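First the structure, in the form of structure tokens, and then the observations on it.
The values are calculated or read from the model by the stated rules, or taken from the named source; none is laboratory data. Note that the structure is a prediction, hence the values are computed from the model and not measured. Neighbour counts run over all protein chains shown; Cβ positions are idealised from the backbone, glycine included.
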């Protein structure tokens, strides 16, 4: 037991020794590491100090260079500033010298003006004395003239004023003639240039179109079928279309009468389809009429859209487009109004382009200028005013509305657009082949033209020639002078423009002829 106890004691002693040795070894290792770390830290500190010293040296060098550079720049700037100040002082000295010279010159001028003023006062006094002397002499001679001429002062003054008035009228007429001739030469040249360019840029086809409300029949037997038993077919057709069907002795033809061109077109197309179908009875008449009416409405809208597109304008309000398309079925003096409106739009646009005005506004007003003719059977009034009110309701601009309303001068022009539309309308309407004119209207226009010419005093005879394009007026030479003849031509032109509607222009020629007759016996 003692032996085992001794062994355990020895083991405990060795274990304690081992622990002590391990602890001492660990302390040794830690000491070594601490020493190594301290050495490394010392090296880092030394390196940082050396780097900091290098940076400080570089900073000092850089700062020194910068200070030197700034010093040089400041010296250069100060030198330039000194030079500018020297130049400025030199200029100031020059200006002072110049001002002194000008001041001396002004003083000299004041002296001269003072002398001239004194001389003028002396002359004024002398002139006043001369005026008084002349007044006395004039009064003296006036008394002598009155005694010699046996005329009172008022009568002599009236005689002199009359002579002066005649001379003034002659001078005014000469001046007026010269001004008018110069204005005509320049205006006609410029107008011809602009119009020729506009017409050349738009070379449209003739809008002449003859439309009738006559439907051709293959044979006479179809007239009876159109009338129907006891007239029920013709009554149903008239009730469905709103037109009057005229069946007379005209061979192989039926005439459709209506003031509404759209209804007349619906009736014409319906009658043609009924004749092609062969089944003519009230029910079939109503079916075909309704179908044709729908197709015509679609055609109207499509025609309006195509017209807007052909002119190159953005889409219009649907109601305006629809009303514009109705012009396809209307004619004025056999001229199709939709084709006429498109032509006016193109011409107005060309004129606006030449005059540097808004082309789109001119085209818009030109395209819509006759839209009132599509509704004038529904609303009373001139078609220009009716059309302008219609466009205003759908938000068209004031320029377009006034251009439409004033193109026949029903209202004053607020701008140049109405004038351009009027000119384009006249160009489109008056060119050869565009419109037809009845003989009675033509003769009436010539009679009114000659009547206007004969309404002026001193006119002997008056003739309308060149198909109404020229008016020749012969005056009595004993009642009319050359100057009065010139004024008569102007007055005639103004009165014709105010009272007469005519295409194109009318030339007025006043002829004053003096004939001296003597007989040798």
Q. Given the conditions (1) surrounded by fewer than 18 Cβ atoms within 10 Å (Cβ to Cβ); (2) touching a residue at least 24 places away in the same chain (Cβ under 8 Å); (3) out of contact with any helix residue (DSSP H, G or I) (no Cβ under 7 Å at 6 or more places or on another chain), and given that residue 396 satisfies all but one, which numbered condition is not satisfied?
A. (1)
**Q.** Answer residue from segment 335-344, given it is within 10 Å of residue 369 (Cβ to Cβ) and touching a residue at least 60 places away in the same chain (Cβ under 8 Å) and is farthest from the chain's Cα centre (by Cα) among those
**A.** 340
Q) Is it fair to say residue 507 is surrounded by fewer than 15 Cβ atoms within 10 Å (Cβ to Cβ) and outside the structural domain of residue 456 (by TED's automatic domain parsing)? A) no
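Which of the helices (runs of 4 or more DSSP H) found entirely inside segment 413-521 contain at least 3 residues meeting this: closer than 30 Å to residue 402 by Cβ, within 35 Å of the chain's Cα centre (by Cα) and at pLDDT 85 or above?
Working: elements: 416-430, 439-454, 482-499.
Once the helices (runs of 4 or more DSSP H) in segment 413-521 are filtered for at least 3 residues that are closer than 30 Å to residue 402 by Cβ, within 35 Å of the chain's Cα centre (by Cα) and at pLDDT 85 or above, what remains is 416-430, 482-499.
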